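Peer 1: The structure that follows is given in the form of structure tokens.
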Amino acid sequence: MAGNDWINSYLEAILDVGPGIDDAKSSLLLRERGRFSPTRYFVEQVIGFDETDLYRSWVKAAATRSPQERNTRLENMCWRIWNLARQKKQLEGEEAQRMAKRRLERERGRREATADMSEDLSEGEKGDTVSDLSAHGESNRGRLPRISSVETMEAWVSQQKGKRLYIVLISLHGLIRGENMELGRDSDTGGQVKYVVELARALGSMPGVYRVDLLTRQVSSPEVDWSYGEPTEMLPPRNSDVLMDEMGESSGAYIIRIPFGPRDKYVPKELLWPHVPEFVDGSLNHIIQMSKVLGEQIGSGHPVWPVAIHGHYADAGDAAALLSGALNVPMLFTGHSLGRDKLEQLLRQSRLSKDEINKTYKIMRRIEAEELSLDASEIVITSTRQEIEQQWRLYDGFDPVLERKLRARIRRNVSCYGRFMPRMVVIPPGMEFHHIVPHEGDMDGETEGNEDQPTSPDPPIWPEIMRFFTNPRKPMILALARPDPKKNLTTLVEAFGECRPLRELANLTLIMGNRDDVDEMSSTNSSVLLSILKLIDKYDLYGQVAYPKHHKQSDVPDIYRLAAKTKGVFINPAFIE
């Protein structure tokens with residue numbers, strides 16, 4: 001056949017071999033297939049089609065003795081084989097195109113899913129602009145670019161200067177003031193107090209933020225300092241030169257104390273739940289009045305409403321949800337500590353029944369408030385991924401997997417069919433360093449002073465700690481926490497007492513808040529403190545463990561400095577933190 005000589009030659013060679021091929025000369029593959037049939041091999045393996053009619057024609061051609069008829073059959077078969085090969089190649093090409101298209105679609109979808117649903121997405125979303133508060137995806141809001149250089153930061157600051165934002169923070173329980181915080185005074189006055197005060201102060205110093213109000217409870221009681229009864233307290237920025245040229249009449253950060261609950265009594269947070277509606281009424285009145293005042297100053301006569309209301313802890317989240325709904329203002333929420341997680345821990349300890357836990361901690365009311373906060377919040381701010389994946393997942397209103405899927409659909413402008421979950425954003429707590437002074441020297445090599453630079457006296461807190469130790473020059477193991485069961489201080493003392501080499505090497509310092517009398521402490525805190533005192537006596541740790549009764553917030557840097565000076569270490573034995 002003209003133009004197909006190589007096919008003719010190939011077929012001739014196969015047909016000349018015939019069915020009687022010597023098994024000893026066949027390949028391993030052919031031997032494994034059984035008796036070799038060249039026609040079947042060519043049709044099935046070379047052409048790739050099990051064409052019954054072609055195979056039969058081939059057999060007839062092989063059996064034909066007339067050379068002319070045989071050549072005619074072979075030429076006809078060559079055309080059929082060529083046609084089959086062309087069809088196969090065409091089908092293979094189409095299949096390859098479909099597979100390539102499918103791979104591209106899968107890869108594109110995988111990239112989009114990775115961008116929208118990766119574990120690190122929440123941390124990257126910290127750069128959203130302040131106006132990007134809604135997760136509903138109904139507006140064309142821009143994303144804040146990552147600030148990776150001083151020039152970028154300066155450019156971003158200049159862009160925000162034209163804004164005049166009003167932000168409201170809420171933290172109900174504990175004793176809150178701007179200076180000399182009594183951290184550790186009780187279980188309600190802990191790290192959250194420091195967190196919200198410094199957050200308000202930092203926000204008030206941000207470009208584009210005109211006013212920040214931190215709403216809390218007014219406490220006019222002889223049990224506490226008079227400053228907690230002041231209706232308003234300004235929080236001056238740490239750097240007095242920050243935005244001084246842009247300060248307005250009512251600008252800056254303020255603590256606003258709203259009277260609610262018992263007028264002349266400081267009560268724990270568990271007893272404040274019935275009075276939350278009273279706080280909401282007082283806060284609503286303040287926000288409306290302040291919005292009018294700001295409208296006269298910066299709003300051309302139009303009220304300036306808060307851009308967001310941020311609730312801290314369950315009680316404040318309950319109040320923020322009500323205020324958010326009344327004012328139609330986006331809500332943010334930070335749990336700090338979550339009720340369902342605490343309930344699980346207390347049940348594992350098997351010290352109290354569920355009814356006793358609820359009676360003591362009002363835990364079911366707290367969980368109800370946290371569920372409401374989840375439903376009402378646009379954004380939930382957490383400090384770690386663990387808080388999202390192991391604590392918030394316990395709640396009916398949140399599912400980590402579904403939340404990521406909904407967020408991916410929102411970003412693609414795909415309907416979520418009415419389903420909504422708040423966006424979880426991981427923002428680790430920061431630290432302000434204005435009062436941190438690098439230490440010089442150590443306990444064995446003190447820095448020497450001179451007439452120009454005399455040696456400064458030791459901070460007052462140092463002798464208060466050192467008086468506990470028989471050998472104060474040993475390295476210090478420092479723990480700083482409230483005497484609360486979840487802080488796990490008893491395990492630390494027990495471990496120190498069990499390890500003789502450690503006791504010979506170091507001293508243990510426990511800064512456990514402030515106290516005047518153990519009997520006046522809450523039952524939980526006093527129980528932990530008494531357990532620690534019993535362990536000190538059990539292991540005879542006198543002269544090796546310090547547990548001063550009082551310290552100021554301003555003493556904390558000096559306490560850390562003392563640990564560094566003794567070449568010691570800091571330890572946080574808490575269960576979760």
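The values are calculated or read from the model by the stated rules, or taken from the named source; none is laboratory data. Here the structure is a predicted model, which is why all the values come from computation and not from measurement. Reconstructed Cβ throughout: ideal geometry from the backbone, glycine too, with neighbour counts over all protein chains shown. In case anyone asks, the SASA skips ligands and DNA or RNA and just uses the protein heavy atoms, side chains included. Shrake-Rupley method; radii C 1.70, N 1.55, O 1.52, S 1.80 Å.
Peer 1: Across the stretch 296-320, which residue is nearest to the chain's Cα centre (by Cα) among those that are buried (at least 24 other Cβ atoms within 10 Å of the Cβ) and in a helix (DSSP H, G or I)?
Peer 2: Tyr313
Peer 1: Identify the single condition in (1) open to solvent by less than 60 Å² (accessible area, probe 1.4 Å); (2) of a type outside the set (A, V, I, L, M, F, W, C); (3) assigned to a helix (DSSP H, G or I) that Gly397 does not satisfy, given that it satisfies every other one.
Peer 2: Going through (1) open to solvent by less than 60 Å² (accessible area, probe 1.4 Å); (2) of a type outside the set (A, V, I, L, M, F, W, C); (3) assigned to a helix (DSSP H, G or I) one by one, Gly397 breaks only (3).
Peer 1: Output yes when any residue across the stretch 336-353 is touching a helix residue (DSSP H, G or I) at 6+ places or on another chain (Cβ under 8 Å), under 18 Å from Leu215 (Cβ atoms) and touching a residue at least 24 places away in the same chain (Cβ under 8 Å), and no when none is.
Peer 2: Yes; the residues of the stretch 336-353 include at least one that is touching a helix residue (DSSP H, G or I) at 6+ places or on another chain (Cβ under 8 Å), under 18 Å from Leu215 (Cβ atoms) and touching a residue at least 24 places away in the same chain (Cβ under 8 Å).
Peer 1: Let me spell it out: the conditions are (1) open to solvent by less than 80 Å² (accessible area, probe 1.4 Å); (2) at pLDDT below 90, and Arg409 meets all of them except one. Which number is the exception?
Peer 2: With (1) open to solvent by less than 80 Å² (accessible area, probe 1.4 Å); (2) at pLDDT below 90 applied to Arg409, the lone miss is (1).
Peer 1: Hey, could you check the stretch 403-429 for residues that are part of a loop (DSSP other than H, G, I, E, B) and touching a residue at least 24 places away in the same chain (Cβ under 8 Å) and say which is farthest from the chain's Cα centre (by Cα)?
Peer 2: The selected residue is Asn413.
Peer 1: In the stretch 228-245, how many are part of a loop (DSSP other than H, G, I, E, B), of a type in the set (D, E, K, R) and at pLDDT 90 or above?
Peer 2: Looking only at that region, the number is 1.
Peer 1: While we're here: Any residue at all in the stretch 515-534 that is under 31 Å from the mean Cα position of the chain (by Cα) and on the phi > 0 side of the Ramachandran plot?
Peer 2: no
Peer 1: Residues of the stretch 246-280 being open to solvent by less than 50 Å² (accessible area, probe 1.4 Å) and assigned to a helix (DSSP H, G or I), which ones?
Peer 2: Lys269, Glu270, Trp273, Val276, Phe279, Val280
Peer 1: When you scan the stretch 202-217, do you find a residue that is open to solvent by 50 Å² or more (accessible area, probe 1.4 Å) and assigned to a loop (DSSP other than H, G, I, E, B), even just one?
Peer 2: yes
Peer 1: Could you tell me whether any residue of the stretch 471-483 is under 35 Å from the mean Cα position of the chain (by Cα), open to solvent by less than 60 Å² (accessible area, probe 1.4 Å) and free of Cβ contacts under 8 Å to residues at least 40 places away in the same chain?
Peer 2: The answer is no, given that none of the residues of the stretch 471-483 is under 35 Å from the mean Cα position of the chain (by Cα), open to solvent by less than 60 Å² (accessible area, probe 1.4 Å) and free of Cβ contacts under 8 Å to residues at least 40 places away in the same chain.
Peer 1: Here's another thing I want to ask about it. From the set of residues in the stretch 487-509 that are closer than 25 Å to Asp341 by Cβ and buried (at least 17 other Cβ atoms within 10 Å of the Cβ), which is nearest to the chain's Cα centre (by Cα)?
Peer 2: Here the answer is Lys487.
Peer 1: Ok, one more. Counting only residues that are outside any helix (DSSP H, G or I) and closer than 19 Å to Arg404 by Cα, which one in the stretch 335-391 is most open to solvent (accessible area, probe 1.4 Å)?
Peer 2: Only one residue fits best here, namely Thr384.
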